[in-house]
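Accompanying notes for the structure given below.
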Amino acid sequence: MSEPTEKPQRLRVIVADDQAAVREPLAAVLALSDDIDVVAAAADGTEVLAAAAAGPVDVVLMDLRMPVMDGIETTRRLGEEHPEVAVVVLTTFADDDSILGALGAGARGYLTKNAGRQDITRAIRAAAAGQSVLDREVQDRLLATARAKAPLLGQGPPQERQFGQKPPGEGQFGRGLPADLTRREREVLTLIGRGLPNRGIAEKLFISEATVKTHINNLFAKAGIRDRADAVRRAIETGLA
């Protein structure tokens, strides 16, 4: 007689948006997923914090522009009061202040409202697993901002280079990172910045996923990186991605 298989744990999600016309349909759509329970719908940040305190909660799907307490401040407060709760931003805004503000506050994912249901559920699952998902538009914006603010990258458009190839000008890239990062740790950070998951990094570097995780843990500890979204930002800002 075979033993019963254990059902996967369902993710408990708060949907936060000040517009009921967005919040309610989004909650209804997410509730159709086999592994997601929408435990609360919030119209502002104070309602999010109250629902998180009532808990348990795994992920908050967070709008940024809300009354009383906006999404960035709410994300920061969640990090202080409920660090076990992951935040995925879902917003119409993809400007520098919104993106950097949300990621700096601790958001693990950032999507625009062009994202479809599969994109949103994938980001929720990734955030619950400690991973990050950034909308392609957001990644492009971060890269453009980093290049515009970093004269170290040189004049004119950046030249394409093969992975592992040193760029001209020793020390131009990766400046601002700890000096004790190993070459492998820098390679891992580069690939995180390019959006590769652990499996993709392992395949690219011909190492195991367990080894990738070890390098990531060491990299995060040395560089003071909070999570994968922060790693993407650091890779772009330092010119590695």
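Tell me which residues come under 5 Å, amide H to amide H, from Arg12 once H is placed; ignore anything under 5 positions away on its chain.
Asp37, Asp58, Val59
Collect residues whose amide H, placed 1.01 Å from N in the peptide plane, falls under 5 Å from the amide H of Leu240; neighbours closer than 5 in sequence don't count.
Under 5 Å from the amide H of Leu240: Gly174.
Quick query: amide H of Ala42 versus all other amide H atoms, modeled in the peptide plane; which residues come in under 5 Å with a sequence gap of 5 or more or a different chain?
When sequence neighbours closer than 5 places are left aside, the close amide H contacts are Val15, Ala16, Asp17.
FYI, it's all coordinate maths here, none of it is from the lab. Remember, it's a predicted structure, so these values are computed and weren't measured experimentally.
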